């Protein structure tokens, strides 16, 4: 398994984002035990302390919860929380970047909105 | 528990000071990367930890004891480096068998499996091995000994890329199964950084930075954009590295203490921020001039 596709991102963030994807994909359901720091270390060839940091981010956000001595488990509302987080943070940031780039290129608002519509296959037929 | 503790550790070789008041603490069961330029004192430090040489001044404790001439330290430490004195009268298999009698936790099965995997010939003589094969053989000793403190001084010297990759994976897997304190020195931080929990950067015989590897990645930030704008952001900060990128463009590396709203503000004015890789950061922190090799060619 290869992380570091995006070398600019800290590994522990890449780990937590990968775990989020696993939860979104349904590979881990509610109240299911997630990988341990040692399993993650083995999967990604990283130090277990780094893997633990990735897990702890999700635990701090209550996407995972800890059971003493048993490990970390997926919260019931994990999927919802991840979707909300991505919408409010990741997507928002990407949109800001797009708007900024459009300004640099002198692309008008209307033109940009048309481009977004064109990229959205569902609305092409409109 | 603390495995290694140094206070004001100093070592002189004649008139040459190799260690100059090093003060560090290394905790149990961590993989620490020992990084520094040639001559920074890495090997000297490892030799003193292993008890091979005596410190000139200062204090060092390994497993709470002074390592020089100490049996506890000898029995619990293995020091792997590229000038190991292995008996020339024995073949490779005999060396492994002899080594097994020195180390309490020695795993002969692991030694045999690694030995086969790297296609060694049991009857071969150590002196007949190539540079890379010698390094590989050393690391088999280093891993199989399972010493509570394992010191690896540039263990991958001469290894080809495939063997290095295998070795890093073997090191991590065995560490996960048998956690122990490991110090690995290397000039290829980019290859080992993911394996490390801590990074100890040495400069001029002293500790320069000793941080978790994850913090190291975010310790500095690169700022690129129009020279005037970049200067606005860097004038009150310590500049670690600077590079001119054409007529009116600069790239400057500073400590990463910018807040998210500052970053956003700067981005809006067309400044680009980029992370600085640990291996680049080490080069910047340990270089003698801020402009690097370019300065040599800019003296007109």
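Students often check this: by mean Cβ neighbours within 10 Å, which of B:226-237, B:261-272 ranks highest, and how do the rest follow? All intermediate terms of the calculation are to be shown ahead of the outcome.
On the way: B:226-237: 14.6, B:261-272: 13.1.
Sorting B:226-237, B:261-272 by mean packing, highest first, produces B:226-237, B:261-272.
Which of B:179, B:155, B:247 moves most in a GNM of chain B, Cα contacts under 10 Å?
Answer for the Gaussian network model of chain B: B:247.
Do you know the relative contact order of chain A, to the nearest whole percent, from alpha carbon pairs under 8 angstrom that are 6+ apart? The partial results should precede the final answer.
Details: 103 pairs, mean separation 25.9, N = 126.
Relative contact order here is 21 percent.
Given contacts defined as C-alpha pairs under 8 Å and at least six residues apart, what's the relative contact order of the stretch B:1-129, whole-number percent?
On the way: 164 pairs, mean separation 27.3, N = 129.
It comes to 21 percent, rounded to a whole number.
I need the calculated FRET efficiency for the pair residue A:113 and residue A:92, taking r as the beta carbon distance and R₀ as 25 Å, to the nearest 0.05.
Efficiency, from the Cβ-Cβ distance: 0.90.
With a 10 Å radius around each residue's Cβ, average the other Cβ atoms per peptide and rank B:55-63, A:47-55, highest first.
Details: B:55-63: 17.9, A:47-55: 22.9.
By packing density, highest mean first, the sequence is A:47-55, B:55-63.
Of A:60, A:31, A:114, which is the most mobile in a GNM of chain A whose springs link Cα atoms less than 10 angstrom apart?
In the Gaussian network model the winner is A:114.
Can you sort A:63, A:116 so the residue with the fewest Cβ neighbours within 10 Å comes first? Let's see the in-between values first.
Values: A:63 23, A:116 11.
The most exposed by this proxy come first: A:116, A:63.
For a footprinting-style exposure proxy, rank A:43, A:82, B:182 by other Cβ within 10 Å, fewest first.
Numbers: A:43 14, A:82 19, B:182 25.
Fewest-to-most Cβ neighbours within 10 Å comes out as A:43, A:82, B:182.
Would you please classify the overall shape of the stretch A:44-126 from the alpha carbon gyration tensor, given that a ≥ b ≥ c denote the square roots of the eigenvalues, rounded means a/c under 1.5, and beyond that prolate means a/b larger than b/c while oblate covers the rest? Spell out each step's value before the answer.
Values: a/c = 3.56, a/b = 2.38, b/c = 1.50.
Since a/c reaches 1.5 and a/b is larger than b/c, the shape of the stretch A:44-126 is classed as prolate.
More than 16 angstrom separation, counting every C-alpha pair in the stretch B:76-171; what % is that? Don't jump to the answer; show the numbers that get you there.
On the way: 2314 of 4560 pairs.
Within the stretch B:76-171, distances greater than 16 Å cover 51 percent of Cα pairs.
If one puts a single equal scatterer on every Cα of chain B and applies the Debye formula without solvent, what log₁₀ I(q)/I(0) results at q = 0.09, 0.10, 0.12 Å⁻¹?
-0.53, -0.64, -0.85
With springs only between Cα atoms under 10 Å, which of A:16, A:30, A:108 fluctuates most in a Gaussian network model of chain A?
Highest fluctuation of the listed residues: A:108.
Tell me, how many Å apart are the Cα centres for the stretch B:1-80 and for the stretch A:52-87?
Measuring centre to centre over Cα atoms gives 41 Å.
In whole angstrom, and with the biggest value first, how far do the Cα coordinates of the stretch B:1-123 range along each principal axis?
So the extents along the principal axes, rounded to whole Å, are 46, 33, 26.
For a paramagnetic label modelled at 7 Å from the Cα of residue A:30 toward its Cβ, which residues of the stretch A:42-69 fall within the zone defined by backbone nitrogen distances under 17 Å?
A:62-66
Counting only Cα atoms, I'd like the Rg/Rh figure for the stretch B:100-230, Kirkwood definition for Rh. Show your work: numbers first, answer last.
Values: Rg = 18.3 Å, Rh = 16.9 Å.
For the stretch B:100-230, the value is 1.08.
At a Förster radius of 30 Å, what calculated FRET efficiency corresponds to the Cβ-Cβ distance of residue B:66 and residue B:210, to the nearest 0.05?
Values: r = 22 Å, r/R0 = 0.73.
Approximately 0.85, to the nearest 0.05.
So what's the protein assembly as shown giving for Rg/Rh, alpha carbon basis, Kirkwood Rh from the mean inverse pair distance? Each step should come with its number before you reach the end.
On the way: Rg = 25.6 Å, Rh = 24.8 Å.
We get a ratio of 1.03 for the protein assembly as shown.
Sequence gap at least 6, Cα distance under 8 Å: using those rules, report the relative contact order of chain B to the nearest whole percent. Walk me through the numbers on the way to the answer.
On the way: 549 pairs, mean separation 58.6, N = 300.
20 percent.
No lab work stands behind these numbers, since they all come straight from the coordinates. No experiment lies behind these values; they were computed from the predicted model shown. Note: ideal-geometry Cβ built from the backbone for every residue, glycine included; neighbour counts use all protein chains shown.
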